[in-house]
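Peer 1: Below is the structure I would like to discuss, written out as structure tokens.
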Amino acid sequence: MFARALIAFLALPGVVAFAIPAVWLWRDERSGFERPVGIAALAIGTIGLLWCVRDFYIRGRGTLAPWSPPKVLVVVGLYRYSRNPMYVCVLLILVGWSASFASPELLAYTVFVAVAFHLRVVYAEEPWLARTHGTAWQTYVAQVPRWFRLGPS
């Protein structure tokens with residue numbers, strides 16, 4: 001299962017949060033960081049994303065990939081503050097890229113990705129989770145916001 005988790009990480013958030021921005025910046029021949037403050041967003045987003053992937057693998061006994069989802073509803077770690085912390089972390093990484101390289105194009109890409117994430121969550125993931133996890137999902141939805149909460153409830 002570790003190989004599936006690694007492949008899923010590289011294929012999904014790896015492409016969206018790292019490969020596409022890297023190719024974009026390389027294509028634009030950006031020479032380096034223009035605003036180092038974006039590095040913090042990149043680092044925090046990356047650490048958070050890895051934490052979530054770990055929780056999916058260890059607690060959920062699955063991966064972030066739709067073809068090998070967690071068998072158990074994950075409600076620990078960052079999932080106590082957001083029902084979708086992986087998406088929040090990917091967006092934070094993209095904001096970090098945009099800020100670090102002062103790239104309005106990457107910021108536009110970030111907005112596009114955010115809208116796509118929202119639509120996927122609302123129309124695909126949440127209905128599937130409701131069918132799959134029933135009462136546990138409904139209890140979780142009542143306690144944790146879709147995107148994020150800044151402090152304990």
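The values are calculated or read from the model by the stated rules, or taken from the named source; none is laboratory data. These figures come from a predicted structure and were not determined experimentally. Note: ideal-geometry Cβ built from the backbone for every residue, glycine included; neighbour counts use all protein chains shown. With ligands, DNA and RNA removed, areas are computed over all heavy atoms of the protein, side chains included. Shrake-Rupley method; radii C 1.70, N 1.55, O 1.52, S 1.80 Å.
Peer 1: Please specify each residue of region 81-99 satisfying the condition of being farther than 13 Å from Leu42 by Cα, open to solvent by less than 20 Å² (accessible area, probe 1.4 Å) and assigned to a helix (DSSP H, G or I).
Peer 2: Listed by number, the list holds a single entry, Pro85.
Peer 1: Which of (1) closer than 17 Å to Val141 by Cα; (2) touching a residue at least 40 places away in the same chain (Cβ under 8 Å); (3) part of a helix (DSSP H, G or I); (4) open to solvent by 50 Å² or more (accessible area, probe 1.4 Å) is the odd one out, the single condition Val75 does not satisfy?
Peer 2: (3)
Peer 1: Hey, another quick one. Name the single residue, out of those in region 97-123 being at pLDDT 95 or above and of a type in the set (Gly, Ala, Ser), that is nearest to Ser68 (Cα to Cα).
Peer 2: Among residues in region 97-123 that are at pLDDT 95 or above and of a type in the set (Gly, Ala, Ser), the one nearest to Ser68 (Cα to Cα) is Ala116.
Peer 1: Can you name every residue in region 63-72 that is over 18 Å from Phe117 (Cα atoms) and in contact (Cβ under 8 Å) with a residue 12 or more places away in the chain?
Peer 2: Ser68, Pro70, Val72, listed by residue number.
Peer 1: Sticking with this one: I need a count of the residues in region 80-109 that are farther than 30 Å from Gln138 by Cα and in contact with a Lys or Arg (Cβ under 9 Å, 6 or more places away or on another chain). Spell out how you get there, then give the answer.
Peer 2: So the first thing to find is which residues in region 80-109 are farther than 30 Å from Gln138 by Cα, and the list is 94-109.
The next check asks that each one be in contact with a Lys or Arg (Cβ under 9 Å, 6 or more places away or on another chain); those that pass are 99-103.
The number of residues fulfilling the criteria is 5.
Peer 1: Are any of the residues in region 17-40 modelled with pLDDT of 95 or more, open to solvent by 20 Å² or more (accessible area, probe 1.4 Å), aliphatic (A, V, I, L, M) and closer than 21 Å to Trp147 by Cα?
Peer 2: No; the residues of region 17-40 include none that is modelled with pLDDT of 95 or more, open to solvent by 20 Å² or more (accessible area, probe 1.4 Å), aliphatic (A, V, I, L, M) and closer than 21 Å to Trp147 by Cα.
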